[in-house]
Amino acid sequence: MATAAVMSYSSTQTEARQASQASQVYLNSRLANGGLNRSNPTPFTVPEINIAASFSSSLEDRKGIAVQIHEACTTSGFFHITGHGVSEEIRQAILALAKRYLKDVPRSKKEAIHVRNSKYLRGYEPADYTYVNPGDWEAEDAAPETKEGFNWGYEAGLDPTGGDGQYRELDGEDVNGNLWPSEEDVPGFYEIIKAYYGEVLGLARHLFRLFALSLDLPEEYFDPMMTHPGGIARLLYYPAPSNPQPLDPKQKDKEIGLGAHSDYECFTILLCSTAPGLEILSPDDQWIPAPAVKGSFIINVADFLMRWTNGVYKSTVHRVVNRTRDERYSVPFFFSINYDQMVETLPSCVSADNPSKYPPIKAGEYVLERLRATARDE
Ligand SMILES: O=C(O)CCC(=O)C(=O)O
Ligand SMILES: [Fe+2]
């Protein structure tokens, strides 16, 4: 799928394609600088925001958290949240499920729901089927990615609100694109997914209200756009490397968990196991290991929101390299708005001095273009 099949494109699909290609050009330019710009490093921090006060009935309390979110989104593009209200029990249950499915179930059984059977890349994704940086398909010396994953998306049955019955897939189709392992192979799989997904979906809607406040918009601004939102999530497994290597800016890594990329949607809610591995590209093009914060989720701005905010909010390049002798698990949740929603640059991010840089775009089409570029050509 890395090269698009011959087909006709609507004007919004063409825009989505061009935007996807532009993101690759940008990524290549950032990676080409890697390690060079080190004489006077800009301070780079991933702040920790305790969002407990954002659940207060006082608008002033909620605005106080929104100010902190604004600061993080205009600088590092990454922050930790604590005080989020998702129980440790549910967080550990989904990480344990990632292990039970990706590590323990034999490959032959997982192959039955291989992502090649899904035009939305749902199901079981073996390590070598995708490069998250599509440029790595062409690169001669690209290290293979070691991650193995299971991908699923929104369906009304996973939404604690029950949804509004209007969910459309990435390409606008009225279908449920998910593929699930059998209950026999992984007992309790769907129930655990549903419990976790319901929690992070609720958290994402809550966060998006805070994002609205942080952008000087009415708190409910995004509400009508997240009644049947896109929300792809993944169980990820990074095996323990046999010969783990320390981070060395002068040396290219021979083994990489997940290549350099920025995320596609509005923002990501990332749950990691205790093993480190996430590395963030600083404005000086240095790889900075993300610190672990107990009980936190990592939140990062993704490309669609960067575009929607006219570049005001930063979508930051990151990657995963397992440099330990432990296996690593993570569960990212990529929150989008309703995939059938068309958006124009947010009114609070344009002015006479700073006109919109981007034409209108449809949420699902953009994400689909980005996803397609990652998969092996078959
Ligand atoms: O596994 C992680 O910690 C990060 C995963 C990630 O960046 C992604 O799936 O986009
Ligand atoms: Fe990512």
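Every read-out reported here was derived from the displayed coordinates using simple, explicitly stated rules and does not represent laboratory data. None of the values given here were measured: they were computed from a predicted structure. Here the Cβ is made from the backbone with ideal geometry for all residues, glycine too, and neighbour counts use every protein chain on show.
Find out how many positive minus negative residues lie around Tyr313, taking Lys and Arg as positive, Asp and Glu as negative, among other residues whose Cβ is under 15 Å from that of Tyr313. Write down the numbers at each step before the final one.
Details: positive: Arg307, Lys314, Lys357; negative: Glu71, Asp216, Asp263, Glu265, Asp303.
It works out to a net charge of -2.
Counting pairwise Cα distances across segment 1-141, what percent come out greater than 25 angstrom? Intermediate values should be presented prior to the final figure.
Numbers: 6029 of 9870 pairs.
For segment 1-141, the share of Cα pairs beyond 25 Å comes to 61 percent.
Hydropathy first: keep DSSP H helices in the chain averaging at least 0.5 on Kyte-Doolittle, then drop any whose Cα extent along the axis falls short of 24 Å, and list what survives. Please report the intermediate quantities before stating the final value.
Working: long enough: 11-32 (32 Å, -0.77); 189-214 (37 Å, 0.67).
Span-like helices here: 189-214.
Among rounded, prolate and oblate, which fits segment 18-100 when a ≥ b ≥ c are the square roots of the eigenvalues of its C-alpha gyration tensor, a/c under 1.5 means rounded, and a/b larger than b/c means prolate?
On the way: a/c = 2.17, a/b = 1.42, b/c = 1.52.
Taking the square roots of the gyration eigenvalues as a ≥ b ≥ c, segment 18-100 is oblate.
For every helix of n ≥ 4 consecutive DSSP H residues, a contribution of -39,500 (n - 2.57) applies; sum these over the chain, divide by its total residues, and give [θ] at 222 nm rounded to the nearest 500 deg cm²/dmol. Intermediate results must be reported in sequence, preceding the final value.
Details: 8 runs with 101 residues, N = 378.
The helix-only estimate for the chain comes to -8500 deg cm²/dmol at 222 nm.
Could you tell me what % of all Cα pairs in segment 51-208 have separations over 28 Å? Numbers along the way, then the final one.
On the way: 4802 of 12403 pairs.
Percent of Cα pairs beyond 28 Å in segment 51-208: 39.
Project the alpha carbons of the chain onto their principal axes and report the range along each, largest first, in whole Å.
Principal-axis extents of the chain (Cα, largest first): 54, 54, 48 Å.
What net charge is computed for the residues neighbouring Arg376, neighbours being all others with C-beta under 12 Å from the C-beta of Arg376, Lys and Arg scored +1, Asp and Glu -1? Working shown, then result.
Numbers: positive: Arg116, Arg372; negative: Glu125, Asp128, Asp136, Glu145, Asp377, Glu378.
Around Arg376, the charge tally is -4.
Expressed in nm², what is the orientationally averaged projection area of the convex hull enclosing the Cα positions of segment 287-329? Kindly include the intermediate steps, with their values, before the conclusion.
Numbers: hull surface 16.8 nm².
Computed as one quarter of the Cα hull surface, the answer is 4.2 nm².
Determine the distance separating the Cα centre of segment 209-255 from the Cα centre of segment 49-114; give it in Å without decimals.
Using only Cα atoms, the two centres lie 9 Å from each other.
Which whole-number percent gives the relative contact order of segment 2-372, counting Cα pairs below 8 Å spaced six or more residues apart?
Reported relative contact order: 24 percent.
Would you please classify the overall shape of segment 181-338 from the alpha carbon gyration tensor, given that a ≥ b ≥ c denote the square roots of the eigenvalues, rounded means a/c under 1.5, and beyond that prolate means a/b larger than b/c while oblate covers the rest? Provide the component values of the computation, followed by the final result.
Working: a/c = 2.46, a/b = 1.24, b/c = 1.97.
Because a/c hits 1.5 or more and a/b fails to exceed b/c, segment 181-338 counts as oblate.
Within 10 Å, count the other beta carbons around each residue, average over each peptide in 279-288, 72-81, and list them highest first. Present the calculation step by step, with values, prior to reporting the outcome.
On the way: 279-288: 19.0, 72-81: 22.6.
So the peptides 279-288, 72-81, ranked by packing, come out 72-81, 279-288.
What's the ranking of 259-266, 57-64 by average number of surrounding C-beta atoms within 10 Å, highest first?
Those peptides, ordered most packed to least, come out 259-266, 57-64.
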